[in-house]
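Below: one structure, written as structure tokens.
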Amino acid sequence: MLNSRVAEVVRHAVDTGALGAEQPVAGFVDVEGVRSSVAALHAAFGPGVLHTFAAKAASLVPVLRLLATEGMGCEVASPGELRIALDAGFDPAKIVFDSPAKTRQELAQALELGIAVNADNLAELRRIDGLRRDDCASVVGLRVNPQVGTGSIGAMSTATATSKFGVALRDPGAREAVVEAFVRRPWLTRLHAHVGSQGCPLELIAAGIAETYLLAEEINATLGRRQITSLDIGGGLPVNFTDERETPTFADYVRVLGEAVPGLFDGRYELITEFGRSLLAKNGFIGALVEYTKDAGGRRIAITHAGAQVATRTVLMPGAWPLRVDAFDAKGRPKQGPLLAQDVAGPCCFAGDVVAHARELPELEEGDFVVLHDTGAYYFSTPWAYNSLPYPAVHGFTTDGGQVRLATVRQAQTLDEIAAMSGLAHAGALV
């Protein structure tokens, strides 16, 4: 069933020109929905938990600032993400820096600012040894890989036997090396684990957290003191892309965690989370103009302006990342009529640029619009610059009292900006 608020926003966007011939593709963020999702997260876990938002899921400063005002921290995994997190107003003490490839310069900056750092490996810890001052305010942790298995999407599973992330705990000698790392560093006070995200069942994620919790208990017992005082349990709550329901919920996850790790919520360890997709996915959608329709080999194809540049994962892995699609007419009203199996294709210049295959929709025509649902995370916020297509505009929306209001989050990229990013200032450098 079509979300009535989405329909209101599409109609308003078409009426105001935020979506149309001049703006043929745009992203939309549900401000009220984001606030509601954050509130549900806080309610599920209760007090005493630092919830950080994974910046990669929506790397847009206004969105990050909204999350900061709702009491979130921020998890960053690059110097760019750190910069925009600071620009968004996050307190450095509520920022967590994760990345498997942190440079010495990046580590030095984080430690200088008092940002929490999760070292990805033992070599990184040795770098931190030489960079960390005695008066450093940063919490430092170590990421471990509990090697508990793979979900249904291998590329999204980070606790496999050969994952590139963390110290692989079941490899020979690894567990002993981790314990020794804590013995030698009294300032190392956190363990971090992230099992995966989309495609990983709650039980698999909880199993990884349970292994991490047991390791923390082992290390503290070995040291005879409570050196490890916090556990970063990552994010990873999968999203339901098949319909409007929000399932599993944060409350579902907390219940499964409590069953798998009974001591996790007894207050002995401060908890840190790093949710991203589960907070934003259902709080955003993409609207796109249908530029042409055609038939090929007995199949109807609608050529739209939303393809791999905004829905990269769906185009390249359609079975793993299916999206719901709805049809709207040229005035932005939900389209009616008999259903017809149609491919919804994008503007990118390769044959596989299709966001929905043989999808049954009312027959699309030139000038109509399509909506790609559940795209609030990772889609329009991190576009792919394929074919030098411009980044789409992004708008936040509210529907208070039935009145739709749009706020600019990011303006559409201009051709001048594309040229500048393509080296225009150095046009003669090679001749």
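The values are calculated or read from the model by the stated rules, or taken from the named source; none is laboratory data. Quick caveat, the model's predicted, so the values are computed rather than measured. Reconstructed Cβ throughout: ideal geometry from the backbone, glycine too, with neighbour counts over all protein chains shown.
Considering the range 1-16, the residues that are surrounded by fewer than 16 Cβ atoms within 10 Å (Cβ to Cβ) and outside any helix (DSSP H, G or I) include one that is modelled with the lowest pLDDT, namely MET1.
Quick one: would you say GLY17 is free of Cβ contacts under 8 Å to residues at least 12 places away in the same chain and either touching a Lys or Arg at 6+ places or on another chain (Cβ under 8 Å) or within 30 Å of LYS335 (Cβ to Cβ) (or both)? Considered against the rule, which asks whether it is free of Cβ contacts under 8 Å to residues at least 12 places away in the same chain and either touching a Lys or Arg at 6+ places or on another chain (Cβ under 8 Å) or within 30 Å of LYS335 (Cβ to Cβ) (or both), GLY17 comes out as yes. Being more than 23 Å from THR189 (Cβ to Cβ), surrounded by 15 or more Cβ atoms within 10 Å (Cβ to Cβ) and either in contact with a Pro (Cβ under 7 Å, 6 or more places away or on another chain) or without any contact (Cβ under 8 Å) to a residue 60 or more places away in the chain (or both) is a property that ALA77 lacks.
Considering the range 377-408, and only residues there that are among the hydrophobic types (A, V, I, L, M, F, W, C) and over 30 Å from CYS349 (Cβ atoms), the residue that is farthest from the chain's Cα centre (by Cα) turns out to be VAL404. Just one of the listed residues (GLY401, GLY337, GLY376) is in the same structural domain as ALA18 (by TED's automatic domain parsing), surrounded by fewer than 17 Cβ atoms within 10 Å (Cβ to Cβ) and in a loop (DSSP other than H, G, I, E, B), namely GLY337. Across the range 85-139, the qualifying residues are those that are β-branched (Val, Ile, Thr) and touching a helix residue (DSSP H, G or I) at 6+ places or on another chain (Cβ under 9 Å), and the one among them that is nearest to LEU50 (Cα to Cα) is ILE95.
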